[in-house]
Amino acid sequence: MYEEWWMKKEWERFAKLRKETLDCIGKILKASGGDCHKSYEGTMDVTFTFPECFVDDPYNEEPSVTITLYCYIIGPTRRYEYRGKNFAEALTHAEKGIHAMIEEVLEELEDD
């Protein structure tokens with residue numbers, strides 16, 4: 001059962017999203033002279049939360065997944081969490097949310 005959530009395709013999507021995020025941060029830092037950042041900019045966590053022992057079959061339940069982005073300079077807060085019932089779903093939410101922030105901040109950079 002676990003082979004389904006540990007797929008190479010999702011890790012490739014995650015790597016692409018991370019690269020896009022870091023590239024955006026690099027553009028912001030370049031435009032600002034590199035002085036408006038925190039040391040954690042662009043840190044990302046992928047957390048697999050496995051079910052407790054009280055579910056019907058704790059050994060075969062898929063874990064829920066949370067993708068967390070720590071990044072102050074591309075959005076309004078410092079931490080963004082995207083959850084899903086599996087890695088693919090959490091990643092889809094993360095892509096949607098992070099791409100929206102990247103698009104907005106890059107538009108702002110172009111306007112300056």
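List of remarks:
- Flag set for Gly42, criterion: touching a Leu at 6+ places or on another chain (Cβ under 9 Å), modelled with pLDDT of 80 or more and closer than 14 Å to Leu22 by Cα.
- For region 66-96, filtering for residues that are within 13 Å of Cys24 (Cβ to Cβ) and either in a helix (DSSP H, G or I) or among the acidic types (Asp, Glu) (or both) leaves 0.
- When the criteria are applied in full, Arg13 fails the requirement of being at pLDDT 85 or above, surrounded by 12 or more Cβ atoms within 10 Å (Cβ to Cβ) and either among the hydroxyl-bearing types (Ser, Thr, Tyr) or out of contact with any helix residue (DSSP H, G or I) (no Cβ under 9 Å at 6 or more places or on another chain) (or both).
- Region 10-31 residues that are within 17 Å of His93 (Cβ to Cβ), paired with ones that are surrounded by 13 or more Cβ atoms within 10 Å (Cβ to Cβ) and of a type in the set (Lys, Arg) (beta carbon under 6 Å, 6 or more apart): none
- Residue in region 47-63 that is more than 12 Å from the chain's Cα centre (by Cα), outside any loop (DSSP other than H, G, I, E, B) and either modelled with pLDDT of 90 or more or of a type in the set (Phe, Trp, Tyr) (or both) present: yes
The values are calculated or read from the model by the stated rules, or taken from the named source; none is laboratory data. Worth saying up front: this structure is predicted, and the values here are computed from it rather than measured. Methodologically, a virtual Cβ is constructed for each residue, glycine included, from the backbone with ideal geometry; neighbour enumeration extends over all protein chains shown.
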